[in-house]
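Worksheet: the structure to be examined is printed underneath.
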């Protein structure tokens with residue numbers, strides 16, 4: 001959860017909102033076939049439910065001064081992975097900064113699989 005004070009009051013941004021915002025930006029990128037669960041809670045939900053969650057495969061760390069994002073994705077077969085990763089980094093940084101005003105220090109994209 002990210003908290004910061006403004007002249008009008010306190011602004012609170014939940015981790016759920018942040019991960020869903022990032023998930024929407026990532027899954028809309030060309031060449032991304034899906035997300036892979038990371039962490040214990042996400043892996044357990046992946047076993048219990050086959051439903052796709054937007055916050056799957058996303059880890060966010062940081063505060064109002066800047067955040068670090070780690071993404072676990074599956075790419076489509078035959079796609080240029082470097083181009084996909086650059087597109088994801090650009091789109092995630094833009095979406096987070098434009099929506100919340102928070103600077104993204106680093107986006108780490110980990111390709112965990114290829115889907116045909």
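Summary of values
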read-out: Of all residues making up the stretch 73-98, the number that are part of a helix (DSSP H, G or I) and out of contact with any helix residue (DSSP H, G or I) (no Cβ under 6 Å at 6 or more places or on another chain); value: 14
read-out: Considering residues of the stretch 1-14 that are in contact (Cβ under 8 Å) with a residue 40 or more places away in the chain and surrounded by 13 or more Cβ atoms within 10 Å (Cβ to Cβ) only, the residue farthest from residue 36 (Cα to Cα); value: 4
read-out: Residue within the stretch 39-61 that is within 26 Å of residue 115 (Cα to Cα), surrounded by 11 or more Cβ atoms within 10 Å (Cβ to Cβ), more than 10 Å from the chain's Cα centre (by Cα) and at pLDDT 90 or above present; value: no
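The values are calculated or read from the model by the stated rules, or taken from the named source; none is laboratory data. Bear in mind the structure is a predicted one, so any value in this text is a computation, not a measurement. We place every Cβ from the backbone using ideal geometry, glycine too, and count neighbours over all the protein chains shown.
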